[in-house]
1. Give a residue-ordered list of calculated ³J(HN,Hα) values for the range 40-45 (Karplus: 6.51 cos²θ - 1.76 cosθ + 1.60, θ = phi - 60°; whole Hz; x for Gly, Pro).
2. Could you state, as a whole-number percent, how many of the C-alpha pairs of the range 29-91 are farther apart than 17 Å?
3. Please report the carbon-and-sulfur percent of the accessible area for the range 30-70; probe 1.4 Å, protein heavy atoms only, DNA, RNA and ligands left out.
4. Per residue and in Å³, how big is the convex hull formed by the alpha-carbon atoms of the range 1-69?
5. Near Val22, within a Cβ-to-Cβ distance under 13 Å, what is the net charge of the other residues, with Lys and Arg +1 and Asp and Glu -1?
Amino acid sequence: QDFDTAVNQIAGSKTKKLVRIVAAQNLILGERLVVDFDIHDSILVFHKGETIYQGNLDKYKDIRNYELQVLRFLKDLNVYARSQGILPDPITGNVGALEGQELMEVIIVHVVIGDGAFRPGFGFVFSLSVTARRDIYSQGPLLIDVRVERNDGR
């Protein structure tokens, strides 16, 4: 019955659909598979090159670690993207991922822009600007470019 309902919902739609087939419970090899159908519209949420999210790292001045400041910013971005309609990965709850090397580049630029003398919570104020790397639909993933700027114009 669930299958027939899902087929009718998809076949009768004028829009593209995203269908997630989700196991209703943990299984042991050989057991009967029971699934639920999680159906969503596939809609364009962000356009390529669009600024998705901006934030001032001074907001995280209580965090004394560069890496944790950037990770906290990305967590806030994740919450924002979900509120705009990006569906999270059902396992991780995230809407995207910043590759390790990209994350390190953001952190290094954060330090270098501060001429190596920046201490979180003191001195310079930084902002991050996030743009869509490509058109991003509700099913994600959120592929982004991140730019770090010091707020004194440098």
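The values are calculated or read from the model by the stated rules, or taken from the named source; none is laboratory data. This structure is a prediction, so every number in the text was calculated from the model and none was measured. Because the Cβ atoms are built from the backbone with ideal geometry, glycine has one as well, and the counts that use them run over all protein chains shown. Side chains are part of the model used for accessible areas, which takes the heavy atoms of the whole protein and leaves out ligands, DNA and RNA. Shrake-Rupley method; radii C 1.70, N 1.55, O 1.52, S 1.80 Å.
1. 9, 6, 9, 10, 6, 9
2. Summing the P(r) tail past 17 Å for the range 29-91 gives 60 percent.
3. Numbers: 1290 of 2710 Å².
Here carbon and sulfur together make up 47 percent of the probe-accessible area.
4. Working: hull volume 14.3 nm³, N = 69.
Spelled out: Cα convex hull of the range 1-69, divided by residues, is 208 Å³.
5. Numbers: positive: Arg20; negative: Asp2, Asp36, Asp38, Asp89.
Overall, the nearby charge balance is -3.
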